[in-house]
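The values are calculated or read from the model by the stated rules, or taken from the named source; none is laboratory data. All of these numbers come straight from a predicted model, not from anything done at the bench. Note that we place each Cβ from the backbone using ideal geometry, even for glycine, and neighbour counts take in every protein chain shown. What goes into the accessible areas is simple: the full protein's heavy atoms, side chains included, and nothing from ligands, DNA or RNA. Shrake-Rupley method; radii C 1.70, N 1.55, O 1.52, S 1.80 Å.
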Amino acid sequence: MKPFKREILLKELKAEVIWDIVIIGGGATGLGVAVDAASRGFKTLLVEQDDFAKGTSSRSTKLVHGGVRYLAQGNLSLVKEALKERGLLLKNAPHLTKNESIIIPCYSWFAAIFYATGLSFYDWLSGRLSLGKSRIISKKALDRRLPTLKKGSLKCGVLYHDGTFDDARLALNLAQTCVEQGGVAINYCEVISLNKSSNNKISGARILDKETGNIYEINAKVVVNATGVFVDDIIKMDNAESKSLIRPSQGIHLVLDNSFLKSRDSIMIPHTDDGRVLFAIPWYDKVIVGTTDTPLNTHSLEPRALESEVNFVLNTARKYLEKKPEKKDVLSVFAGLRPLAATDDSSDKTKEISRSHKVIISESGLVSVIGGKWTTYRKMAEDTLSKIIKRGMLPNKKCVTNDLKIHGYTEKNVSGNLSFYGADQININHLIRSDKSWAETLNEETGILIGQVIWAVRNEMARTVEDVLARRIRLLFMDARLSLKLAPKVAEIMMKELRQDGIWKEKQIRSFSELAEGYLLKEN
Ligand SMILES: Cc1cc2nc3c(=O)[nH]c(=O)nc-3n(C[C@H](O)[C@H](O)[C@H](O)COP(=O)(O)OP(=O)(O)OC[C@H]3O[C@@H](n4cnc5c(N)ncnc54)[C@H](O)[C@@H]3O)c2cc1C
């Protein structure tokens, strides 16, 4: 099988005369399209300007869900589609997903009946792919299942099921799946302009290798713009006059120690003071609390949480939890930008903007994929390829991703600290056995092994300290302070593996430290 190594894949990028399809953007959307196209047998290239899932796709709430909120809005087809995709994802990537019990605390019997009825319908919509029946649970059962939930005037709870997952690991595993299916997926390659033929049709792209500064001219029959909140930047490369299609909406999450929840069940608050939905979700050994929905007029790869968003999440969590979280308790704060389809309505009501996706093909043939969510990435990809084929831009080939196993898939019940590697766990254990020092942990505060860093460099295309600590191992997202402490050790290991020098190492430590500071909350 083709190795997942940047140097080898870069050689392929240079050697290919004409690609069937080039995808810009290595988040959920682009990687989904790349896996779909490669597995149909098309010559597929995906380029990501930074690391896979550097953008929104590592910053989600970690839910694989039908969207209970969209059910309340009456958007049944969107919910039904997402519930099917939820089921497929849990089936095809069991090593990264989990069936999660989520409990809605109810303070009146009317609310309990309302949610129980709606969620029974949600179960019914999921059909054969249901994850379990929703039900009302007593106050006594709530005491046991959610010991840290404030009980006060609580009457009961409604329990339902959705999935949770590791978003950045899934993105990486999709890139690996694309390569296993014959495609090429490379990080740190930016599209800097689009090429057009004499009849003004898109014929390829100019790509900058950000590691070497080399520029490559790539020919392609189809170019797909899957750049999330950057979608308008690429559209403007095609037509400088085009109007904006995206309105970013920021969502933040706070990460707390599990002592705030002490449960394997999640909490869902369906109506916060300003009508939002808030989740507290156990994730690895931490709790993620979020999110917000703040319309923005700018976009970046490293959005920052606003003070008002942090206060909103903390204040809401304090209302429901016995142990009140303070700023000092926040282990990490991360912000992400939803690439919502812009409407002509200039109001700030992003909650009401459609979360469904759109595939738009410009006059010159640029294919842009807009909106959607992680859960539906596979269906978005299928729709994109269907539209491309329908337009006659590529020949008809069947979609096979319904049953395609994602890299790492295993039927074995994997557990322990390395479980998220799935089928790769056995190879990591092998690697660790080849050098005794690799079985040691990075320091006494963590169970992360030196061998995991080596593995990330050798087999997961990790190029920087941030790639390892933020997305191969999720430490930056789980405990920013600890990740800062470990950065020098990780840089040292990587320097040797990548045959870099001390200057590289110091630069890596500096840039990771600057980045990680943004994931810490300053107390005032
Ligand atoms: C706060 C929040 C919570 C969410 N929670 C959930 C959830 O729980 N469940 C769920 O299903 N969905 C959730 N979503 C939605 C989901 O995360 C997004 O829909 C999805 O990640 C978007 O993926 P994307 O690939 O379109 O964008 P991105 O992940 O942003 O990827 C776009 C990529 O394009 C790259 N790029 C840009 N320009 C170029 C260029 N010129 N050359 C090369 N590459 C380029 C960027 O670097 C970026 O990596 C959430 C979103 C947010 C913001």
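Name the one entry in F110, F42 that is closer than 18 Å to E382 by Cα and modelled with pLDDT of 95 or more. Outline the logic, then answer.
Values: F110 fails: closer than 18 Å to E382 by Cα.
Residue meeting the stated conditions: F42.
Across the stretch 139-154, which residue is farthest from K319 (Cα to Cα) among those that are open to solvent by 20 Å² or more (accessible area, probe 1.4 Å), part of a loop (DSSP other than H, G, I, E, B) and not polar (S, T, N, Q)?
Quick first cut of the stretch 139-154, residues open to solvent by 20 Å² or more (accessible area, probe 1.4 Å) only: 139-140, 143-145, 147, 150-153.
Pick out the ones that are also part of a loop (DSSP other than H, G, I, E, B) and you get 147, 150-153.
Remaining after also requiring not polar (S, T, N, Q): 147, 150-152.
Numbers: P147: 15, K150: 8, K151: 11, G152: 11 Å.
That would be P147.
In the stretch 64-76, the residues that are farther than 24 Å from W283 by Cβ never reach a residue that is among the aromatic types (F, W, Y) and within 11 Å of the ligand (Cβ to nearest atom) with C-beta atoms less than 8 angstrom apart, at least six apart or across chains.
Among the residues of the stretch 52-78, the one identified as more than 11 Å from the ligand (Cβ to nearest atom) and either touching a strand residue (DSSP E or B) at 6+ places or on another chain (Cβ under 8 Å) or at pLDDT 95 or above (or both) is V68.
Residue count for the stretch 208-234 satisfying the condition of being open to solvent by 20 Å² or more (accessible area, probe 1.4 Å) and either of a type outside the set (F, W, Y) or out of contact with any helix residue (DSSP H, G or I) (no Cβ under 7 Å at 6 or more places or on another chain) (or both): 14. Is it the case that some residue within the stretch 346-361 is within 18 Å of L174 (Cα to Cα) and either over 20 Å from the mean Cα position of the chain (by Cα) or modelled with pLDDT of 95 or more (or both)? For the stretch 346-361, residues within 18 Å of L174 (Cα to Cα) and either over 20 Å from the mean Cα position of the chain (by Cα) or modelled with pLDDT of 95 or more (or both): absent.
Checking each residue of the stretch 446-463 against the condition of being at pLDDT below 95, surrounded by fewer than 18 Cβ atoms within 10 Å (Cβ to Cβ) and within 30 Å of P325 (Cβ to Cβ) gives at least one match.
Within the stretch 285-296, the set of residues being out of contact with any Ser or Thr (no Cβ under 7 Å at 6 or more places or on another chain) and over 25 Å from E514 (Cβ atoms) comprises D285, V287, V289. Condition check for E12 on (1) part of a strand (DSSP E or B); (2) of a type outside the set (S, T, N, Q); (3) over 25 Å from the mean Cα position of the chain (by Cα): one failure, at (1). Considering G213, G132, G163, G157, the condition of being in contact with a strand residue (DSSP E or B) (Cβ under 7 Å, 6 or more places away or on another chain), modelled with pLDDT of 95 or more and within 16 Å of the ligand (Cβ to nearest atom) is satisfied by G163 alone. Every listed requirement among (1) surrounded by fewer than 19 Cβ atoms within 10 Å (Cβ to Cβ); (2) away from the ligand (no atom under 15 Å from the Cβ) is met by P295 save one, (2).
Residues that are within 10 Å of the ligand (Cβ to nearest atom) and open to solvent by 10 Å² or more (accessible area, probe 1.4 Å) within the stretch 166-190 comprise Y188, E190, listed in sequence order. Close contacts from the stretch 99-116, counting a first residue that is within 21 Å of L131 (Cβ to Cβ) and a second that is in a helix (DSSP H, G or I) and among the basic types (K, R), with Cβ to Cβ under 9 Å and a gap of 6+ residues or different chains, come to S101/R145; I103/R145.
Screening I202 on (1) buried (at least 17 other Cβ atoms within 10 Å of the Cβ); (2) under 30 Å from A317 (Cβ atoms) shows it passes everything except condition (2).
Between a first residue in the stretch 409-436 that is assigned to a helix (DSSP H, G or I) and a second residue that is open to solvent by 40 Å² or more (accessible area, probe 1.4 Å) and aliphatic (A, V, I, L, M), which pairs have beta carbons less than 9 Å apart while being 6 or more apart in sequence or on different chains? Pairs found: F420/V414; Y421/V414; G422/V414; A423/V414; Q425/V414; I432/A439; R433/A439.
Within the stretch 436-445, the set of residues being loosely packed, with under 12 Cβ neighbours inside 10 Å and farther than 19 Å from K485 by Cβ comprises K436, S437.
Is it the case that I192 is of a type outside the set (S, T, Y) and under 20 Å from F42 (Cβ atoms)? Let's see the steps before the verdict.
Details: of a type outside the set (S, T, Y): yes; under 20 Å from F42 (Cβ atoms): no.
No; evaluated as a whole, the condition is false for this residue.
Identify, by number, the condition in (1) under 17 Å from R472 (Cα atoms); (2) open to solvent by less than 30 Å² (accessible area, probe 1.4 Å) that A423 doesn't meet. A423 satisfies all of (1) under 17 Å from R472 (Cα atoms); (2) open to solvent by less than 30 Å² (accessible area, probe 1.4 Å) except (2).
Filtering the stretch 300-346 to residues that are buried (at least 21 other Cβ atoms within 10 Å of the Cβ) and within 16 Å of S57 (Cα to Cα) leaves P303, V333, F334, A335, G336, L337, R338, P339, L340. The condition (being more than 12 Å from the ligand (Cβ to nearest atom), within 22 Å of the chain's Cα centre (by Cα), among the acidic types (D, E) and open to solvent by 40 Å² or more (accessible area, probe 1.4 Å)) is satisfied by just one residue among D257, D265: D257.
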